[in-house]
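J.: My questions all concern the structure below.
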Amino acid sequence: MPALPDPKINGLDWKPDSPLSKITTMGVGGTADALAVAHSEDALREILRLARAQGWRLFLLGGGTNTIFRCDRFAGVVLKLGPEFARVRLDENGLLCAGAAAPWSAAVNAAKRNGVGGMEFGAGIPGQVGGALAGNAGQKGWSLCDLLDSVRGYDYSGEPAALRQGEFAYGYRRSDLARFVLVEAKFLLKPSDPFVIETKMQEFLAIRREQPVGQRSSGCVFKNPEGDHAGRLIDAAGLKGLSRGGAEISVEHANFLINKRGASAQEVADLIDHVRKTVFERFGVQLELEVRLVE
Ligand code: EPU
């Protein structure tokens, strides 16, 4: 008997005993009781309602670029939105509408094609629009929630939700939108020349090239503490290149943890704990996680 029975919802793919390493860029973790992929809003509403009614643990995953599963078994449902939620278009009011499952890079490229600027700082940042909004992703002082006109989605009991800019709080790498399952976001961008947009995108892509891109990681592991940089502190503590089994602190950028060779969830978690402890002992700074570490 599987741990959770297939609820047989129309438009919902149900994959029991699903490996977590395959759905995150860090590539560690055991298995989830089930991976559910919703292909329609009806299916999404139904699984949210059912999980609530049954008391199932439910974890919403976007592109899996900022989540690390440190458990051997996720006792519950990992929920993802299917490609039906990945459309990006310019609407009749000139707003850029992106499905929550659209890669952020697709939204950035669509903005360029349509000659609307402001999103260039997203160039090269992996992940999906929904996850980027939940964590208010960004770089160099720019962040995605600043660009929002409005969002639409559901709360975790399956009730529809629609919020406009100003109706939710957000800050550095955090946003109240994480309390919802977003399905669509509308961005208010400014008309701009695609050539100018492309030039700005290249500047941001150059920043990313100094980071360990192309290797298995979750991007920056820790938030920057007020007035300093987690990467600088970890580097100054002499931790670059330190490894536990197959997991290693990047020699290129100390706030990146790399899964070099088939690391286990435990090795990754041990390194994270070690970094926190060492930085606190050396500098008295408590590093706060930027990644979502799922127990
Ligand atoms: N530094 C070191 N050693 C390192 C890494 C950095 O000494 O190993 C020093 C640098 O020399 C520099 C300072 O730390 O003086 C800042 O480094 P960097 O410019 O790389 O920026 P960051 O604060 O480490 C932030 C974001 C990145 C984003 C970059 C570029 C956070 C936690 N990180 O990094 O975002 O790409 O700025 O804008 O806010 C992410 O969120 O996943 C991420 C990668």
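The values are calculated or read from the model by the stated rules, or taken from the named source; none is laboratory data. The structure presented is a predicted model; accordingly, all values stated were derived computationally and were not measured. Here the Cβ positions follow ideal geometry from the backbone for every residue, glycine too, while neighbour counts run over all protein chains shown.
J.: Touching a Lys or Arg at 6+ places or on another chain (Cβ under 6 Å) and of a type in the set (Val, Ile, Thr), is that true of Val251? Steps first, please.
T.: Details: touching a Lys or Arg at 6+ places or on another chain (Cβ under 6 Å): yes; of a type in the set (Val, Ile, Thr): yes.
Answer is yes for this residue.
J.: Of everything in region 227-270, what is outside any loop (DSSP other than H, G, I, E, B), surrounded by fewer than 17 Cβ atoms within 10 Å (Cβ to Cβ) and more than 10 Å from the ligand (Cβ to nearest atom)? Give them in sequence order.
T.: Ser243, Gln266, Asp270
J.: Let me spell it out: the conditions are (1) in contact with a Leu (Cβ under 6 Å, 6 or more places away or on another chain); (2) within 16 Å of the ligand (Cβ to nearest atom), and Gly135 meets all of them except one. Which number is the exception?
T.: (1)
J.: Oh, and also: Scan region 173-187 residue by residue and report those that are in contact (Cβ under 8 Å) with a residue 40 or more places away in the chain and either of a type in the set (D, E, K, R) or in the same structural domain as Leu44 (by TED's automatic domain parsing) (or both).
T.: Across region 173-187, the qualifying residues are Arg173, Glu184, Lys186.
J.: When region 3-43 is examined, which residues are found to be touching a residue at least 60 places away in the same chain (Cβ under 8 Å) and either over 18 Å from the mean Cα position of the chain (by Cα) or surrounded by fewer than 16 Cβ atoms within 10 Å (Cβ to Cβ) (or both)?
T.: Hits for region 3-43 are Ala3, Leu4, Asp13, Ser18, Gly30, Glu41.
J.: Does Asn93 satisfy the criteria of being over 21 Å from Leu20 (Cα atoms), outside the structural domain of Thr31 (by TED's automatic domain parsing) and crowded, with 18+ Cβ neighbours inside 10 Å?
T.: Here the answer is no, as Asn93 does not meet what is asked.
J.: Scan (1) surrounded by fewer than 12 Cβ atoms within 10 Å (Cβ to Cβ); (2) within 14 Å of the ligand (Cβ to nearest atom); (3) on the phi > 0 side of the Ramachandran plot for the single condition Gly219 breaks and write down its number.
T.: Going through (1) surrounded by fewer than 12 Cβ atoms within 10 Å (Cβ to Cβ); (2) within 14 Å of the ligand (Cβ to nearest atom); (3) on the phi > 0 side of the Ramachandran plot one by one, Gly219 breaks only (1).
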